[in-house]
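The values are calculated or read from the model by the stated rules, or taken from the named source; none is laboratory data. Since we're looking at a predicted model, the values are computed, not measured. Methodologically, a virtual Cβ is constructed for each residue, glycine included, from the backbone with ideal geometry; neighbour enumeration extends over all protein chains shown. When the accessible area is computed, the model is the full protein with side chains, heavy atoms only, and any ligands, DNA or RNA have been set aside. Shrake-Rupley method; radii C 1.70, N 1.55, O 1.52, S 1.80 Å.
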Amino acid sequence: MYDYVIIGSGFAGAVVARSVADLGKKVLIIEKRSHIGGNCYDENDENGILIHKYGPHIFHTNSEEVYTYLSKFTKWYDYSHEVEANLNGTFIPVPFNLNTLKIVYGEEKSERLREKLISEYGYGNRVPILKLRENTDEDIRNIADFVYENIFLKYTMKQWGQTPEQIDPAVTGRVPVLISEDNRYFQDKYQGMPLEGFTPLFEKMLDSENITIRLNSDAKDLLEFKEDGIYFENSKFSGNVIYTGAIDELFDCKYGRLPYRTLRFDMSYLDKEEYQPKAVINYTVSEDFTRITEFKKLTGQKSKGTIIMKEYPMEYTGGQDEIPYYAIANEENHRMYNRYTDIVKQYDNFYLLGRLAEYKYYNIDGIVEKALNLVKELEK
Ligand code: UDP
């Protein structure tokens, strides 16, 4: 009856679902939660303020294909994300850039340092902090130490429970030192927030006569991996199965639980017009939380009060209410991950897609692109 069974309705599952539905395929989506949209799900809270229930999500991409694809389902609020770090009351732009340099070192000294950084790395370039720290020039090393200690060390310890040297360098590389005056967090060509929110975007994307959605259902109870193939609800299924959930859970964590970082969110309503200068303020030298998001500044919503959300990172233990947000990339964890993928290798109609299923750190655009490419592969 179905050509595709897709587990999960975040960007990975939803993009595949809509793309193949548009090609005339019948799709069943199995979603564990009571709503669509995965961790990008947003909703109005009781004060009518749009909040991102699973932490702030901001769209940005250099891919025209991704931008054009998503634009079929939403208009955009023209928002360029800017972040500041709160250093005990002093606010500085993050990523560290030439404006930050001026605030930290003052007009005069920063002028000399600016020239040095530009001649060393070239104007407009992006330098990962761990690379900057390798520089042997005393002035540059001094800047690198400042950035390391005031922006990366404590935040990364909170976020990952490890130092910047101990984690995958690609992670701190996401927020490089910028050799320019660009205060934006992302330099991508296209950026913005879905005008009505992410949930309406998903509703529109999944609104197709070829798509059926089953909420509140756990794929683990419906799928079976047998010698002669994959069974769905006790019958052999020969269509494609796209799985976007955590793969260890599908197999009862029999090789161990894949490690993740999770977050506790502390949300509060404040009876004031605004709370902080930017949508996101990072706490890089103090506090137990990593950042505070003020949602109306992300979404452009006008309201009397405001909602702020603090993020407290912690180890994921697999508890009932915990959500695995960040895969922890290292050799040992990938070895465990590979043991799970070995189990499913033999099924040529089974595909792993997304942050959880691939145990990978994806941005929205990265996974949309991957999903579009998978469809091209499957439907060529
Ligand atoms: N990071 C940091 N200080 C900051 C911002 C980022 O140390 O002020 C590091 C930290 O290790 C973080 C990583 O850079 O996990 C990536 O940051 P990003 O903002 O991309 O994380 P996300 O928004 O995906 O949680």
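For the range 359-367, 3J(HN,Hα) computed residue by residue from phi via the Karplus equation (6.51, -1.76, 1.60; θ = phi - 60°) reads 6, 9, 8, 9, 8, 4, 5, x, 7 Hz, glycine and proline entered as x.
Where both bridge residues fall in the chain, DSSP classifies roughly 70% of the beta bridges as antiparallel.
So for the range 116-264, what percent of the C-alpha to C-alpha distances run longer than 26 Å?
On the way: 6233 of 11026 pairs.
Here the tail beyond 26 Å accounts for 57 percent of pairs.
The Lys272 and Asn373 beta-carbon pair, evaluated with R₀ = 41 Å, returns a calculated FRET efficiency of approximately 0.35.
The mean accessible area for residues of the range 256-375, using a 1.4 Å probe and ignoring ligands and nucleic acids, is 47 Å² per residue.
Per residue, the average separation of C-alpha pairs within less than 8 Å and at least 6 apart gives the chain a relative contact order of 26 percent. Binning all Cα-Cα separations of the range 182-274 at 10 Å, short to long from zero, yields these whole-percent fractions: 10, 23, 30, 24, 11, 3, 0.
Please go through the residue pairs Lys26/Lys380; Lys53/Lys376; Lys75/Lys297; Lys189/Lys310; Lys25/Lys376; Lys236/Lys360 and name each one whose alpha carbons sit more than 24 Å apart in this structure. Mind showing how you got there, number by number?
Numbers: Lys26/Lys380 17 Å; Lys53/Lys376 32 Å; Lys75/Lys297 18 Å; Lys189/Lys310 29 Å; Lys25/Lys376 14 Å; Lys236/Lys360 30 Å.
Correct reply: Lys53/Lys376; Lys189/Lys310; Lys236/Lys360.
Just the protein heavy atoms count here, and of the accessible area of the chain at 1.4 Å, carbon and sulfur take up 45 percent. Rolling a 1.4 Å probe over the protein chains gives Phe146 an accessible area of about 50 Å². Over all directions, how big on average is the projection of the convex hull of the alpha-carbon atoms in the chain, in square nanometres? For the chain, averaging the hull's shadow over all directions gives 20.0 nm². Let me see the pair-distance distribution of the range 1-79: every alpha carbon pair, 10 Å bin width, integer percents in order. The distribution over the range 1-79 is 15, 41, 34, 10, 0, given as percents. Summary of the geometry: the range 105-179 and the range 5-50, compared by the centres of their Cα atoms, lie 38 Å apart. Calculated FRET efficiency, Lys116 to Glu149, Cβ-Cβ distance, R0 = 22 Å: about 0.65 to the nearest 0.05. In a DSSP loop and with at most 11 other Cβ atoms within 10 Å, there are no chymotrypsin sites (Phe, Trp or Tyr not before Pro) in the range 309-380.
Provide the gained length on full extension for the span Asn330 to Cys253, in nm with one decimal, where the gain is 0.36 nm per separating residue minus the Cα-Cα distance. Don't jump to the answer; show the numbers that get you there.
Working: separation 77, 0.36 × 77 = 27.72 nm, distance 1.83 nm.
Extending this stretch completely gives an extra 25.9 nm.
Restricting the count to DSSP beta bridges whose residues both fall in the range 1-115, what percent are antiparallel, rounded to a multiple of 5? Antiparallel: roughly 65 percent of the beta bridges in the range 1-115. A 1.4 Å probe run over the protein chains yields, for the range 48-172, 47 Å² of accessible area per residue, whole-number rounding. Would you please give the FRET efficiency between Lys32 and Tyr77, computed as 1/(1 + (r/R0)^6) with r the Cβ-Cβ distance and R0 = 30 Å, to the nearest 0.05? The pair Lys32/Tyr77 has a calculated efficiency of 0.50. Residues of the range 278-314 with backbone nitrogen within less than 18 Å of a virtual label 7 Å along the Cα-to-Cβ line of Thr90, please, listed as ranges. Residues 282-287 qualify, since their backbone N sits under 18 Å from the label point.
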